[in-house]
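Structure first, commentary second.
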Amino acid sequence: MSSPYIAAHGLGKSFSGKLVLADVSFTVEPGDVVGVLGKNGAGKTTLLELVLGFTPPTSGGVQLFGYDSYRLPGAAKARIGFVPQQDELVNQLTAADQIGVIASFYPKWDDELVVRLSREWEVDLGQRVKNMSVGQRQKLSILLGLGHKPDVLILDEPVASLDPVARRQFLEQIIEVAADGKRSVVFSSHIVSDVERLANKIWILKDRRMYWQGDFDSLKDSIVRVHARSTQPLPASLSILNALNVQRNGTTATATVQGWRAEMQDGLAQQLGAEIEVEQLTLEEIFLELHR
Amino acid sequence: MFILKPHSGVPIYRQLLDQIRRMAASGQLPPGTELPSIRELALRHAINPMTVSKVYTLLEAEGVLERHRGKPMTVAKPTRAQSPLAKRLEQIEPHVEQVALAARQLELTEKDAVKALQDAWEKTDEQSVHRRTRPR
């Protein structure tokens with residue numbers, strides 16, 4: 001297996017003594033599309049900024065292409081694309097000039113791609129940035145992150161202001177990036193359904209820590225809702241292994257279970273003397289259950 | 001070609017896996033049928049290419065699909081002429097059980113539940129006819 005593009009070990013950050021991210025470790029392999037989820041203030045932006053080397057870690061470290069991300073050589077920097085939550089466009093410039101400025105930093109700039117996408121995404125290259133709508137600015141900002149064909153593309157809430165059509169076009173572009181299995185994407189989003197389509201890995205940040213990380217498919221298989229139905233009242237002390245939330249109502253009970261495996265169903269049915277039904281959850285439901 | 005619902009509790013890879021398996025078993029995708037490329041299928045459904053790749057690899061290992069160098073994957077010839085009825089029934093059993101369970105919980109009569117299945121049966125037939133007429 002090839003070496004990871006991004007590797008973090010015990011990564012932590014405090015701002016003037018206040019902890020904003022604690023002890024986070026992960027890797028991103030070529031071809032990965034990572035969806036970063038978390039409530040506002042969970043540490044998503046800080047995490048992405050640490051990866052990008054915008055700020056030094058207080059503890060641990062993160063490496064990009066094998067280099068310490070805070071001391072990244074120029075050639076490695078050119079392999080990263082970033083789309084910030086708040087765009088950093090220059091109001092006075094036209095879209096075309098704004099693209100020109102960014103393109104001048106990169107020897108590998110793909111002008112054909114950018115022009116084609118700006119047409120497909122209906123970004124008027126002649127328009128001044130200050131006259132653009134929030135959605136237009138966001139599209140332009142994404143174009144600027146894609147134009148040099150980065151090996152690692154990092155996006156912080158890239159679709160918040162996009163309409164459903166533009167969001168789908170954006171998703172298609174991310175698929176194009178990921179399709180050859182040589183480039184990676186890390187994106188944070190509150191649009192859980194987009195994460196659901198695109199991500200093969202999920203990071204869930206909660207209370208400034210990495211609460212859950214792993215393969216998306218195993219997340220959906222391991223966190224499920226279990227319904228128990230019996231003819232007799234279920235025991236008051238309903239001890240279901242790794243249950244996040246349990247609701248009991250006489251002869252029926254519902255529990256959200258973490259670390260579920262299909263073979264547990266029969267054992268549980270015997271233990272409770274109940275009929276067991278397993279309900280699989282959407283990513284949004286899983287996210288909500290983890291935050292109850 | 002496939003009906004994928006990302007916003008469902010069932011992981012996308014499993015939805016795709018089950019559908020190809022079922023369609024190959026039933027002969028809806030006859031042996032030799034070419035499958036879309038990973039990129040094409042990922043784009044059409046706006047899903048992660050690795051998900052498609054994983055499904056194709058699993059199905060290749062199972063002998064449902066065949067990989068050809070530089071060419072599209074195809075549906076493999078089943079080892080026996082047509083997968084026997086019992087085998088196909090076995091595959092649909094868990095789904096039917098789910099429906100039966102849900103119907104009982106809703107206190108439907110057997111007749112109502114069967115009627116609902118019949119309606120769904122006809123509806124999906126219209127859908128599949130519609131899909132077939134669309135150019136690939």
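FYI, it's all coordinate maths here, none of it is from the lab. All values reported here derive from a predicted model rather than from experimental measurement. Positions of Cβ are generated from backbone atoms using ideal geometry, with glycine treated the same way; all protein chains shown enter the neighbour counts.
Things worth noting here:
- Taking Cβ atoms as reference points and 14 Å as the exclusive limit, the residues near A:GLN127 contribute a net charge of +2, counting Lys and Arg as +1 and Asp and Glu as -1.
- Listed residues A:VAL34, A:VAL278, A:VAL24, most fluctuating in chain A (Gaussian network, C-alpha, under 10 Å): A:VAL278
- Note that region A:136-292 shows a convex hull volume over its alpha carbon atoms of 135 Å³ per residue.
- With respect to chain A, whose longest principal axis is taken over its alpha-carbon atoms, helix A:134-146 is tilted by about 80°.
- Largest-first ellipsoid semi-axes for region A:48-110, taking √(5λ) over the Cα gyration tensor eigenvalues, angstrom: 26, 15, 8
- Equivalent ellipsoid, region B:39-108 (semi-axes from 5 times Cα gyration tensor eigenvalues, Å): 32, 21, 8
- Coupling constants for region A:214-230 follow from the phi torsions by the Karplus curve (6.51 cos²θ - 1.76 cosθ + 1.60, θ = phi - 60°), and in residue order they are x, 5, 4, 4, 6, 4, 5, 7, 9, 10, 9, 9, 10, 10, 10, 9, 10 Hz; glycine and proline get x.
- Computed on the Cα atoms alone, the convex hull of the protein assembly as shown gives a volume of 192 cubic angstrom per residue.
- B:LYS71 versus A:ARG128: modelled label distance in nm, points set 7 Å from Cα along the beta carbon direction: 6.0
- Rounded if a/c under 1.5, otherwise prolate or oblate - region A:162-204, Cα gyration tensor axes: oblate
- Modelled FRET efficiency - R0 30 Å, A:ALA269 with B:GLU62, Cβ distances, 0.05 increments: 0.50
- Convex hull of region A:223-290 built on C-alpha atoms - directionally averaged projected area, nm²: 4.1
- Candidates A:PRO30, A:PRO233, A:PRO57, ranked by Gaussian network fluctuation over chain A, Cα under 10 Å, top entry: A:PRO233
- Integer Hz, Karplus 6.51/-1.76/1.60 couplings in order for region A:98-103, x for Gly and Pro: 4, 4, x, 4, 5, 4
- If the chain linking A:ASP163 and A:SER239 were pulled fully straight, counting 0.36 nm for each residue of separation and taking away their Cα-Cα distance, it would gain 22.8 nm.
- In this simple spin-label model, placing a label point 7 Å from the Cα along the Cα-to-Cβ direction at both A:LYS18 and A:ASP110 gives a separation of 4.1 nm.
- Its residue count N fixes a reference of 2.2 N^0.38 Å for region A:144-216, and the Cα radius of gyration divided by that reference is 1.13.
- Part-to-part distance (alpha-carbon centres) for region A:243-292 and region A:21-64, which is given in Å: 31
- Shown here is the pair-distance distribution of chain B: with all Cα-Cα distances grouped in 5 Å bins from zero up to the longest one, the shares run 2, 9, 15, 20, 20, 16, 10, 5, 3, 0, 0 percent.
- Between B:ALA86 and B:ILE3, full extension at 0.36 nm per residue minus the direct alpha carbon distance yields a gain of 27.4 nm.
- Measuring between their Cα centroids, region B:1-79 and region A:89-107 lie 42 Å from each other.
- Three principal axis extents describe the C-alpha atoms of region B:12-75; from largest down they are 27, 26, 20 Å.
- The Kirkwood radius of region A:1-101, taken over pairs of alpha-carbon atoms, gives through the Stokes-Einstein law at 20 °C and 1.002 mPa s a diffusion coefficient of 141 µm² s⁻¹.
- Among B:ARG104, A:ARG197, A:ARG167, A:ARG209, sorting on how many other beta-carbon atoms sit within 10 Å of each Cβ, with the fewest leading, yields B:ARG104, A:ARG209, A:ARG167, A:ARG197.
- Size check on region A:13-61: the Cα extents along the three principal axes, sorted descending, read 36, 24, 18 Å.
- Remark: the A:GLN86-A:VAL101 segment gains 3.6 nm on full extension, using 0.36 nm per residue and subtracting the alpha carbon distance.
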